[in-house]
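Each remark here refers to the structure printed beneath this line.
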Amino acid sequence: MATQGLEGRRLTVADLTYEQVAKAIDHSLLRPELDLDTVAEGVRLAVRYDVASATVRPADVTLAAGLVAGTGVLVSTVVGFPHGSSTTATKAFEAERALDDGAHELDMVLNIGRLRSGRDDEVREEIRTIVELARGRGAIVKVILENAYLTDEQKVLGCRLAEEAGAQFVKTSTGYAPSGATLEDLRLMRATVSPHVQVKAAGGVRTLDALLDVLSIGVARVGLTATEAILEDFKARKAAPG
């Protein structure tokens, strides 16, 4: 569930429990150079800190699913990553294979070129294909817009098409474009989609203060690599006198 600033006020450590913060985090393990030992340790870290999910590369889903079994941590993975330019059939195969391997959540990149070309129906129907496939398996879909390549009008359109297609989340970015999540984009996305559609920030949130900023807007999930440092900072501040 999304947190949000109280009466428009920025959230502070005092406003939040550890669980609220940890369960807003998808611990990201997507860098191409990560070896299997590093991925496994990252998934164990996600379990140790009891975050929402470990986000792994498609080839690592089986490994991650075994490591999170019996815990409260989910496995998320990516579809059409990072460019979004695979065919719909390829994305559907990738999504189905990920679900077979044990993924609970799919972060799919929409077709950026089609969105920029005004091919609204194609974008919507591709998202719908993945959403319906995931829904049949009890999984959710987060649609990555890759805002660095979009105008504000295109960001709004991408959010609306994702909602029309039934996606549960809209997400700012892959983390591999020239820029990631900005507060301005997050406010725009949160204002565009209905309350039942959640917003995920990814790219550039590296400190506890930055995390508090995005949670204050009403962001429900944040993709992080600095998970351990941020949660240790939260625990230290929470325990500090006053």
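The values are calculated or read from the model by the stated rules, or taken from the named source; none is laboratory data. Not measured: the values here are computed from a predicted model. Cβ sites come from the backbone with ideal geometry, for glycine too, and all protein chains shown count toward neighbours. Protein only, heavy atoms only, side chains kept; ligands, DNA and RNA dropped before computing areas. Shrake-Rupley method; radii C 1.70, N 1.55, O 1.52, S 1.80 Å.
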Dipole axis of the chain (+1 Lys, Arg; -1 Asp, Glu on Cβ), positive-most option in Val143, Tyr176, Val109: Val143
For region 213-242, list residues with backbone N below 15 Å from a point placed 7 Å from the Cα of Asp50 toward its Cβ? 231-232, 235
Per-residue HN-Hα couplings for region 34-45 [Karplus 6.51, -1.76, 1.60; θ = phi - 60°; Hz; x = Gly/Pro]: 5, 7, 5, 5, 5, 4, 4, 5, x, 5, 4, 4
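Charges at C-beta only: +1 for Lys and Arg, -1 for Asp and Glu. How large is the resulting dipole of region 1-152 about its Cα centre, in Debye rounded to 20? List each step's numbers first, then the result.
Working: 17 positive and 24 negative charges, 41 e Å.
For region 1-152, the charge dipole is close to 200 debye.
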With only alpha-carbon atoms counted, please give the Rg and Dmax of the chain, in Å. 17.0, 56
In sequence order, calculated HN-Hα J values of region 48-53 (Karplus, 6.51, -1.76, 1.60; Hz; x Gly/Pro): 4, 8, 6, 7, 5, 8
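Please arrange Phe169, Phe81 by accessible surface area, largest first, computed with a 1.4 Å probe and ligands excluded. Let's see the in-between values first.
Working: Phe169 15, Phe81 55 Å².
The ranking, largest first, comes out as Phe81, Phe169.
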When the expected Rg is taken as 2.2 N^0.38 Å, what fraction or multiple of it is the alpha-carbon Rg of region 1-141? 1.16
Solvent accessible area, Å² - Glu96, 1.4 Å probe, full protein context: 90 Å²
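Do the sum for the chain: with -39,500 (n - 2.57) for every DSSP H run of n ≥ 4, divided by all residues, what is the mean residue ellipticity at 222 nm, to the nearest 500 deg cm²/dmol? All intermediate terms of the calculation are to be shown ahead of the outcome.
On the way: 10 runs with 107 residues, N = 242.
The helix contribution divided over the chain gives -13500 deg cm²/dmol.
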With a point put 7 Å past each Cα toward its Cβ, work out how far Thr12 is from Lys235 in nm, to one decimal. 2.3 nm
So which lysines pass the test for Lys91, namely a Cα distance under 24 Å, with those fewer than 8 places away in the same chain ruled out? Lys142, Lys155, Lys171, Lys200
The rounded separation in angstrom of the Cα centers of region 148-188 and region 54-124 is 16 Å
Stretched out fully, how many nm does the piece from Glu228 to Leu36 gain, at 0.36 nm a residue minus the Cα gap? 67.2 nm
Test item: Cα-centred dipole of region 164-242, Lys/Arg +1 and Asp/Glu -1 on Cβ, debye: 160 debye
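Under 8 Å for C-alpha pairs, at least 6 residues apart: give me the relative contact order for region 110-189, rounded to a whole percent. Before the final figure, lay out the partial values.
On the way: 98 pairs, mean separation 25.6, N = 80.
Dividing the mean separation by the residue count of region 110-189 yields 32 percent.
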Report D for region 131-200 in µm² per second (integer): Stokes-Einstein, Kirkwood Rh on Cα pairs, 20 °C, 1.002 mPa s. 176 µm²/s
Probe 1.4 Å, all protein chains in place: accessible area of Asp37 in Å², nearest 10? 130 Å²
